[in-house]
Amino acid sequence: MTSFLSYLCIFKTTMITNDCIEKIKDTARIEEVIGDFIHLKKRGTSLVANCPFHGEKTPSFHVSVSKGIYKCFGCGVAGDSVHFVMEHEKYSYPEALKYLANKYNIEVEETIDSHVEREAGTEKESLYVVSAFAADFFQEQLWETTDGQTIGLRYFKERGFTEHILRKFNLGYSPDIWDALCQEASKKQHREEFLEKTGLAIRNEKGSLYDRFRGRVMFPIHNFTGRIIGFGGRTLRTEKNVPKYVNSPESEIYHKSNVLYGLFQAKKAIRSLDNCYLVEGYADVLAMHQADIENVVASSGTSLTLEQIKLIARFTDNVTMLYDGDPAGIKASLRGLDMILEEGLNVKIVSFPDGDDPDSYMHKVGASAFKTYIEGQRKDFILYKTQVLMAETANDPIKKAAVIKDIVESIAKIPDNIKASLFVKECSVLLNMEEKVLLSELHKIRLAKLNKANKTTQIELPPEDLFEDKATTHDTAVGSVDDSARSSVIQEREIVRLILNYGSDFVTVNDTTVQIGPLILTNIADVSFEDELCSKIIDCYITEQDKGSLPDIQFFLHHEDKEIAGFAISITTSSYSLSPNWVKKHKIYVKEESEDKLKMMMNGIYHLKKKKTDQILDGLLQAIAEATEPNVQDELMEQYAKYKDMQRLYTEALGTVIIR
């Protein structure tokens with residue numbers, strides 16, 4: 001195990017080499033990286049999903065596989081694989097690169113820079129490091145010590161778990177000694193403050209540290225990228241005053257409401273099978289994996305949270321809840337249903353015979369019979385809830401009315417109107433009621449919810465200076481400029497878009513073949529850019545060109561400067577694409593802009609120069625009107641005539657008419 005001092009040097013830091021960074025970026029596939037975190041669906045030439053950075057029901061998050069970038073047309077976030085990991089996991093740039101390197105089994109090449117101080121993220125990384133150390137320690141105790149084998153390993157084997165499952169989930173044993181972990185951590189030079197912050201150790205009144213999990217079998221908890229963030233420990237004692245389970249406290253890296261046990265091991269199977277089994281405890285997850293059912297996660301004995309539901313929604317729209325067959329288990333399943341429905345997920349229920357949970361039932365009947373049971377017992381949540389609640393009414397009309405209202409309230413939480421209507425139809429049969437009565441109640445509930453939302457929600461109007469295409473809007477773009485300047489900024493962005501999309505392409509001018517990027521820059525050398533980011537990209541392009549390298553679009557889309565990368569993505573992507581049916585079915589051919597690159601390029605240059613000339617002419621007219629000396633007026637009039645001729649040339653080239 002690497003010591004803390006060697007892992008995080010106080011006076012030195014390591015920097016990833018440029019060659020290694022390029023290798024990581026070239027290897028990482030945007031759809032695979034983002035697909036590890038959210039559920040992507042094919043739409044046209046893009047992959048789409050609900051944006052993980054803001055709440056939404058309709059997908060506006062687009063991933064372009066060909067360009068290796070993502071863009072949300074709802075909240076505006078954009079970037080490449082590295083930026084996504086940084087944004088989603090709150091990693092620094094080097095941390096995101098190391099995450100991707102680990103994903104693609106790339107050896108990270110680093111150099112030592114003794115003049116750079118430690119990064120701000122060092123403390124958080126230290127919590128991960130000490131958690132990984134603890135997991136290794138607990139596993140070593142389980143497999144390589146006498147107490148671990150005779151106490152911990154014996155317990156797991158008596159529960160029917162195989163060695164493969166124990167190693168797959170990194171299970172371990174914490175010896176029944178006050179400070180065994182603390183002593184070993186001290187030998188490995190891990191700092192006490194990180195043992196405390198992760199909750200692995202507790203400080204007593206005398207100031208000494210002791211182990212939190214002593215005398216327990218250990219269940220390491222991974223985040224869904226695979227890093228250990230916390231632990232659950234089960235006691236093997238029988239005393240009533242000893243809690244059965246002890247879990248890690250909240251820390252900077254562990255937030256119980258945001259974690260699903262087993263998600264790291266299950267996410268691939270959940271995505272491929274398009275279904276997630278949701279159980280209650282650690283042992284339930286282990287039992288189902290032992291039955292070769294891997295698409296399973298646990299809420300770890302806590303009430304299901306919205307964050308946990310959203311975690312599942314990243315990988316699938318379908319949830320199957322498996323709960324104990326006793327009354328408490330049934331009520332627990334019903335409590336979490338409405339939140340799942342509100343997120344637009346499809347829910348089914350499997351209830352086990354009274355007295356059994358997934359763990360006990362699997363070991364009782366075996367893996368094959370267990371699989372057969374859950375496949376045959378899955379019920380739509382409405383049917384399940386209706387049957388369970390109606391069984392308790394005992395034909396009492398008051399209780400029955402309350403149950404009906406409860407069921408309709410659940411249906412009202414389904415955002416899809418078609419699904420909701422189908423459930424109303426099914427329930428009308430089960431409840432022996434007219435469908436229109438249930439629909440009327442459904443509409444009342446939704447109307448009440450809408451009225452409440454309208455009273456508490458203030459609609460924010462968009463700012464007046466938004467451009468036609470929301471995807472090209474940027475905070476630094478215009479501000480409170482006049483209409484002429486605003487038009488100029490739009491043309492500046494169009495020029496930058498052309499350079500980014502086609503700068504490396506060739507065109508023929510007067511029998512000479514030249515590249516579009518340098519040709520545009522030569523023709524706009526006299527133009528001053530008002531938009532800060534446009535100017536920044538042009539300067540960057542010129543700098544790279546002066547070095548003898550002509551940067552392509554990928555250079556900017558994956559630029560280390562997140563502001564440049566985000567802006568480049570915004571002006572080169574669109575949420576719209578032309579339907580192939582225009583040609584296939586309707587025989588309507590729409591000419592692509594790239595089919596005449598020379599004309600496209602010259603139009604862009606002429607439009608920009610005309611707008612700049614329009615601005616100058618407006619300024620000159622105002623100066624002429626304000627001038628009081630005849631010689632100054634004459635000089636301004638000469639300038640005005642010169643720029644008017646230039647405007648006429650640009651207008652003729654564009655084939656437009658000036659009305660002035």
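The values are calculated or read from the model by the stated rules, or taken from the named source; none is laboratory data. All figures in this text were calculated on a predicted structure; none of them were measured in a lab. Backbone-built Cβ (ideal geometry, glycine too); neighbour counts: all protein chains shown. Please note that ligands, DNA and RNA were not included when accessible areas were found on the heavy atoms of the full protein model with its side chains. Shrake-Rupley method; radii C 1.70, N 1.55, O 1.52, S 1.80 Å.
Key figures
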{"item": "Close pairs (9 angstrom Cβ cut-off, 6 or more residues apart or separate chains): on the phi > 0 side of the Ramachandran plot in the stretch 252-265, modelled with pLDDT of 90 or more and surrounded by fewer than 19 Cβ atoms within 10 Å (Cβ to Cβ) anywhere", "result": "none"}
{"item": "Filter result for V242 (among the aliphatic types (A, V, I, L, M), surrounded by fewer than 22 Cβ atoms within 10 Å (Cβ to Cβ) and not in a strand (DSSP E or B))", "result": "yes"}
{"item": "Output for the stretch 397-425, where each listed residue is of a type in the set (D, E, K, R) and over 15 Å from K444 (Cβ atoms)", "result": "K399, K400, D416, K419, K425"}
{"item": "Filter result (part of a loop (DSSP other than H, G, I, E, B) and free of Cβ contacts under 8 Å to residues at least 12 places away in the same chain) within the stretch 529-556", "result": "K547, G548, S549"}
{"item": "Criterion (surrounded by fewer than 19 Cβ atoms within 10 Å (Cβ to Cβ) and within 25 Å of N102 (Cβ to Cβ)) met by exactly one of S248, S272", "result": "S272"}
{"item": "Scan of the stretch 607-624 for residues that are open to solvent by 60 Å² or more (accessible area, probe 1.4 Å) and either within 16 Å of K644 (Cβ to Cβ) or in contact with a Lys or Arg (Cβ under 7 Å, 6 or more places away or on another chain) (or both), ordered by number", "result": "I616, D618, L621, Q622"}
{"item": "Selected residue (criterion: surrounded by the most Cβ atoms within 10 Å (Cβ to Cβ)) from residues of the stretch 514-527 that are polar (S, T, N, Q) and touching a residue at least 24 places away in the same chain (Cβ under 8 Å)", "result": "N523"}
{"item": "Of all residues making up the stretch 381-393, the number that are in contact with a helix residue (DSSP H, G or I) (Cβ under 9 Å, 6 or more places away or on another chain), of a type in the set (A, V, I, L, M, F, W, C) and farther than 18 Å from E434 by Cβ", "result": "4"}
{"item": "L153 open to solvent by less than 40 Å² (accessible area, probe 1.4 Å) and farther than 23 Å from E250 by Cβ", "result": "yes"}
